[in-house]
């Protein structure tokens, strides 16, 4: 069984190829449709697209674009840029990955599957891990609606127990401040590097942007953000009255911005530790896997298996373990 997993339109877009359950290739791309990564996977395995048995996309498009449409309406007029981006994505065909896969790769529609975004991250974390069973925490940007999920992994099954929903996301929180700090948005490693040179002096101010709860849940103060992209948030201009003006990317090192970065990192570490405790309590499993895009900001004291694999491989692993079955996904309890 040859399964091609694809993720697109996110910082870790790419493709992965699974043959009889074993990963044989995985490449990043960064494009809305990562054709270069797909071609490299096929070239590595010396395959043509027609020889792939199944293709799986890393999220469910209809659910995602329903979420985007709702955000545009409820966040107007701060979602004008999001509206224009969505219109451009529609014109480019990015809303219809099944059609794009069929047109570009010649794969029949009945051989294409869709994996929930959080399940793709959970699969990428758990299935390559050394554990027979594990609590799983996934932390991602947007996806369909779940940005953060707690699951139990046992054998070849992943059971999602709880989730947090868009826009409440640690990844989006980090991205918003990366933009403010003049760093590449989505480069959490850069945020961690800057934070290492600062002290968390702005923790009280951070509470105006995100509220952490004792049960592991958290909530962004949505009035402090602007919805400018399908998969990102920006800080509202009123942030200048709290933290001063944003850093010009051409500006040199500044202790103030290092302290802001350290404060952001401290908040994220506290949130991840609380999520880890919650996951172990909910699942009753001590082993822990953490998936998603926050690896550079995961605190060392979690003693967790950290996934370095992307959602494209996770989607392929999910489909392999599902044995081509397509179960229904019942509503999940939300923490908020």
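Taken together, the values in this text are just the output of simple stated rules run on the coordinates, not laboratory data. Nothing here was measured: the structure is a model prediction, and the numbers come from that model. As a convention, Cβ positions derive from the backbone with ideal geometry for all residues, glycine included, and neighbour counts pool all protein chains shown.
Take every DSSP beta bridge whose two residues both sit in the range 2-114; close to 65 percent of them are antiparallel. Going from the fewest other Cβ atoms within 10 Å to the most, the residues 260, 119 appear in the order 260, 119.
Here each label is just a point 7 Å from Cα along the line to Cβ, and for residue 255 and residue 80 those points are 4.0 nm apart. Taking every DSSP beta bridge that has both ends in the chain, the antiparallel portion is near 70%. Extension gain for the segment residue 24 to residue 96, taken as residue separation times 0.36 nm less the Cα-Cα distance, is 23.2 nm to one decimal. Our summary gives the range 16-156 a relative contact order of 22 percent, counting only alpha carbon pairs under 8 angstrom and 6 or more residues apart.
Counting every alpha-carbon pair across the range 220-312, the share separated by more than 16 Å comes to 69%.
Each Cα pair under 8 Å and six or more residues apart adds its sequence gap; the mean of these over the residue count of the chain is a relative contact order of 23 percent. Listed by Cβ neighbour count within 10 Å, with the fewest neighbours leading, 138, 147, 74 appear as 74, 147, 138. Per residue of the chain, the DSSP helices (runs of n ≥ 4 H) give a summed -39500 (n - 2.57) that works out to -11500 deg cm²/dmol at 222 nm.
Between the Cα long axis of helix 255-283 and the first principal axis of the chain there is an angle of about 50°, rounded to the nearest 10.
The simple spin-label model puts a point 7 Å past each Cα toward its Cβ; for residue 69 and residue 223 those points are separated by 3.0 nm.
When the Cα convex hull of the chain is projected onto planes of every orientation, the mean area is 16.4 nm². Look at 321, 188 and count the other Cβ atoms within 10 Å of each Cβ; fewest to most, that gives 321, 188. Helix 117-126 sits at what angle to the longest principal axis of the chain, using alpha carbons and giving 0 to 90 degrees rounded to 10? Taking the Cα atoms of the chain, the angle to 117-126 is about 80 degrees. Sorting 13-19, 92-98, 181-187 by their mean Cβ neighbour count within 10 Å, with the most densely packed peptide first, gives 13-19, 181-187, 92-98.
So how far, in whole Å, is the C-alpha centre of the range 60-114 from the one of the range 175-243? So the two Cα centres are separated by 26 Å. Our estimate of slack between residue 303 and residue 214, defined as 0.36 nm per intervening residue step minus the Cα-Cα distance, is 30.0 nm.
Under the simplified labelling scheme, the residue 109-residue 1 pair shows an inter-label distance of 2.4 nm, with each label point 7 Å from Cα along Cα→Cβ. Between the Cα long axis of helix 311-321 and the first principal axis of the chain there is an angle of about 40°, rounded to the nearest 10.
One decimal place: the segment residue 156-residue 49 gains 35.8 nm when fully extended, by the rule 0.36 nm per residue minus the C-alpha distance.
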